[in-house]
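The structure under discussion appears below in the form of structure tokens.
The values are calculated or read from the model by the stated rules, or taken from the named source; none is laboratory data. Note that this is a predicted model, so its numbers are computed, not measured. Quick reminder, even Gly has a Cβ in these numbers, built from the backbone with ideal geometry, and neighbours come from all protein chains shown. These area figures cover heavy atoms from the full protein model, side chains too; ligands, DNA and RNA do not enter into them. Shrake-Rupley method; radii C 1.70, N 1.55, O 1.52, S 1.80 Å.
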Amino acid sequence: MRVLFIGGTGIISSACSPLAIESGIELYLLNRGKSHRGEPAGAKILHGDIRDRASVESAIGDLTFDAVVDWIAFTPEHIQQDIDIFRGRTGQFVFISSASAYQTPPSSLPVTESTILDNPHWGYSRNKIACEEMLVRAYRDEKFPMTIIRPSHTYDQTLLPFDHSWTVVDRMRKGKPVVVHGDGTSLWVLTHHRDFARAFVPLLGNSHAIGEAIHITSDEWLTWNQIYDIVAAAAGTTAEKVHIPSTVLAAHDPNWGPGLLGDKANSMVFDNSKIKRLVPGWTAPTPFTRGAEEIIAWYEADQSRQKVDDRANALEDLLIDRIKVASQ
């Protein structure tokens, strides 16, 4: 089976690419060759810029594919170009959407693939919804063979689950308090990218996935208080948590706010019956306790990775001081 990944070296796709090759897929990667993760052994590299149609068409030549996966499509314009380029050239087109496209906050849990798509808080999610709607129309009008995949919070060893990344761990190790949104009790799902890959790769060339939307997430539900404590334990310390309403955080930082109000501030747990039906026997066995250990080990392997964001540090100090004053 011949498959093209547009991207293929990102957080999620870096686990899917080698697994696809191990599974016997003839894998092509279309990218600009600039990822720090490198390209998997055995992949055939096509050098091109997906934002430049002429560059893409020159790179792929007269190749056709059993499946094409666009890992880096974010707007309807991106999807329209994909449809125009790959119409008649692929047996399946896979769009990587986002579980943040689901109704936010959800009216009921667990979330299923039939949960309405509606996120009034985050432009990123609304763009993903618009992409999905374009693909559904293309499937309905011309039978464009699309599959929509909705990851939730998927991580690899390089990705801490906090917006302020290593700065949070550095604060913990120095005995400084850390900001936790809300009261820390909302439920969240973290999925290791290797677990995601084991569900994703069998969907390539799977006729039962054509015309379908499918989310792939772990079944491990954690509160944000637990997530902070798990990371702290992996880092050999404890977390002194200061809880601050998400709306307050959003008001102080426009970069932090949309991802909180449009995603992390809400309890989100998922019914994974559909992916388990399409990929019999699949589970996501990696607990976040193990994932957190991998993350901390990666950061500790190279001190240059342990970057502290002075702006984020000052913001957390400011917010914590204001909460303490207000509570006196």
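What the table below lists for this structure:
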item: Heavy-atom SASA rank of M1, M268 (probe 1.4 Å, accessible area, largest first); result: M1, M268
item: Inter-label distance for R290 and T247, nm, one decimal - labels placed 7 Å from Cα along Cα-to-Cβ; result: 4.1
item: Beta bridges by DSSP in segment 56-208, antiparallel share as percent, to the nearest 5; result: 10
item: Fraction of beta bridges assigned by DSSP in the chain that are antiparallel (%, nearest 5); result: 10
item: Stretch gain in nm, segment D84-D141, where the contour uses 0.36 nm per residue and the Cα spacing is subtracted; result: 19.1 nm
item: Burial ranking of peptide ranges 208-218, 113-123 (average Cβ count within 10 Å, highest at the top); result: 208-218, 113-123
item: Global geometry of segment 14-84, whether rounded, prolate or oblate, following the gyration tensor of its Cα atoms and the 1.5 cut on a/c; result: prolate
item: Shape call, segment 144-289: gyration tensor on alpha carbons, a/c limit 1.5; result: prolate
item: Solvent-accessible area per residue for the chain (1.4 angstrom probe, square angstrom); result: 42
item: Value at 222 nm in deg cm²/dmol, rounded to 500, when DSSP H runs of n ≥ 4 in the chain each add -39,500 (n - 2.57); result: -11000 deg cm²/dmol
item: Calculated on alpha-carbon atoms, Rg and Dmax of the chain in Å; result: 20.5, 70
item: Along each principal axis, Cα extent of segment 82-229, largest first, Å; result: 59, 30, 26
item: Portion, in percent, of the accessible area of the chain that falls on carbon or sulfur, probe 1.4 Å; result: 50
item: Across K241/K307; K128/K274; K264/K324; K44/K274; K128/K276; K143/K276, pairs whose alpha-carbon gap is larger than 30 Å; result: K44/K274
item: Sequence ranges 5-17, 294-306, ranked by mean other-Cβ count within 10 angstrom, highest first; result: 5-17, 294-306
item: Relative contact order of the chain, pairs being alpha-carbon contacts under 8 Å that are 6 or more residues apart, as %; result: 18
item: For segment 92-203: relative contact order, % (alpha-carbon pairs under 8 angstrom, 6 or more apart); result: 27
item: Modelled FRET efficiency - R0 56 Å, T64 with N313, Cβ distances, 0.05 increments; result: 0.65
